[in-house]
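Reading through the structure tokens given below for one structure.
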Amino acid sequence: MLPANFNDRLNQMMDVKLEAIAHETQEAFSRGSAEAATKGLTHSSYAYGLYQRRRVYQIEKRVEAILACQKRLISAVRLPFSETLASELKAQSEAWVTLEWCEQSVQSDPDLGLMKDYKTGF
């Protein structure tokens, strides 16, 4: 069983990680947009492609972050392995990165007016 404060501590750690991921991916998107503009690639489909790559990168980083945070907390608390622990950690990870969230993240963005039938391999 996970300790009572495990979720709270995980949420705090993930807030910091998600902020860093958002900042990192926004910078990468800005660099990509600037590069594209200097090469004359200004068509909206290229911007959509950059956007979708950014979202996929965010999803991958979110998965890595949740696993890293869980690992760090497990080490700090020194939880013994059990089937129950494994099930709870899996459920916790899936709650942070749901299939619906992944697909919605890549398919739509109200800021760009993007609504595509883009399907991922998740």
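Where a number appears in this text, it was derived from the coordinates with a stated rule and is not lab data. All figures in this text were calculated on a predicted structure; none of them were measured in a lab. As a convention, Cβ positions derive from the backbone with ideal geometry for all residues, glycine included, and neighbour counts pool all protein chains shown.
Observations
- Three-way shape label, region 6-115, alpha-carbon gyration tensor, a/c 1.5: prolate
- Taken along the Cα-to-beta-carbon direction at a fixed 7 Å, the label points for Tyr57 and Ala37 span 1.7 nm.
- Mean Cα-pair separation over length for region 6-115, i.e. relative contact order, pairs under 8 Å, 6 or more apart, %: 33
- Cleavage-rule hits, trypsin sites (Lys or Arg not before Pro), region 2-107, DSSP coil, Cβ neighbours within 10 Å at most 11: Lys39, Arg78
- Mean projected area of the convex hull spanned by the Cα atoms of region 50-103, taken over all viewing directions: 3.9 nm².
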